[in-house]
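Have a look at the structure below before the remarks.
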Ligand SMILES: [Zn+2]
């Protein structure tokens with residue numbers, strides 16, 4: 001079984017026989033964000049809750065009084081925070097933690113110490129945001145919301161955050177394959193955005209940039225986030241058949257070959273065939289053969305979701321997952337609702 005970001009695989013650690021019953025201990029191997037430690041696990045109805053912790057800073061600057069950095073004085077909020085993460089075995093995963101804050105020694109202001117896996121004012125992880133954006137390629141906000149069990153407003157908010165990000169791309173990152181895709185934000189209002197994805201490692205797709213619009217300027221704005229040297233290292237760029245993306249690739253990726261996504265070719269072909277079929281039907285006033293009616297859309301080069309090939313029910317040995325003795329408190333999961341932390 002392949003390990004995906006946020007995915008998990010079960011490893012059978014021991015099997016033995018106790019009181020005449022064969023038992024197996026299955027450990028879960030989980031991919032966690034950098035700097036995060038999992039210290040507890042609880043199987044909940046329809047999902048998985050992971051208690052997490054991270055290293056807190058030793059010094060902070062108060063957001064309110066802006067006095068010089070002071071030694072951190074940690075206190076803990078009373079409400080357990082629940083943050084939606086990627087799926088595990090086909091079911092939602094959550095990070096839960098008791099939120100730490102710093103109390104300013106000067107002005108007594110309470111300043112939350114954010115975990116490294118999420119931004120302020122949202123209840124989803126950064127990698128969940130990535131998943132949402134990738135799922136938006138070829139889907140609407142409503143479809144993505146339905147598939148993930150969150151509200152369309154949450155999807156919209158995630159996209160808005162990513163559009164306003166000035167995310168820097170590590171200049172040392174070696175990128176040889178990229179994808180340029182458009183996403184449709186609001187069908188009726190014809191709002192679009194362009195997404196640049198790093199496709200170098202198919203198991204670790206990562207969104208590098210998002211820009212409003214789907215014209216050449218939008219594609220160029222994404223590509224210009226890469227350094228000149230990084231753009232020269234790109235060997236392939238996958239796009240749809242948009243002339244705007246072709247022009248941006250020609251202008252900014254000097255050593256790269258354009259690859260037109262098979263999905264978009266199939267989509268265009270499907271539309272043409274459909275048009276011809278309708279015309280033909282009108283002329284002949286009789287149904288046409290099945291061969292011209294369907295173009296298979298499945299398996300035509302769509303990027304895999306981070307949830308990967310793991311399916312619901314792939315493993316049910318959930319009670320034997322190893323965790324330390326700390327128990328995750330009983331929590332409820334207000335999906336799609338912001339907690340302002
Ligand atoms: Zn202060």
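The values are calculated or read from the model by the stated rules, or taken from the named source; none is laboratory data. Everything numeric here is computed off the predicted structure, so don't read it as measured data. Cβ atoms come from the backbone with ideal geometry, glycine included; neighbour counts cover every protein chain shown.
Can you tell me which residues in the stretch 225-261 are assigned to a loop (DSSP other than H, G, I, E, B) and crowded, with 16+ Cβ neighbours inside 10 Å?
Residues satisfying the conditions are 225, 226, 234, 240, 242, 253, 256, 261.
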Can you find a residue that is touching a strand residue (DSSP E or B) at 6+ places or on another chain (Cβ under 6 Å), surrounded by fewer than 22 Cβ atoms within 10 Å (Cβ to Cβ), without any contact (Cβ under 8 Å) to a residue 40 or more places away in the chain and not assigned by TED's automatic domain parsing to the domain that holds residue 161 anywhere in the stretch 90-97?
no
Answer with yes or no whether residue 194 is on the phi < 0 side of the Ramachandran plot, surrounded by 15 or more Cβ atoms within 10 Å (Cβ to Cβ) and in a loop (DSSP other than H, G, I, E, B).
no
Going by the conditions given, is residue 70 touching a strand residue (DSSP E or B) at 6+ places or on another chain (Cβ under 8 Å), modelled with pLDDT under 95 and within 16 Å of the ligand (Cβ to nearest atom)?
yes
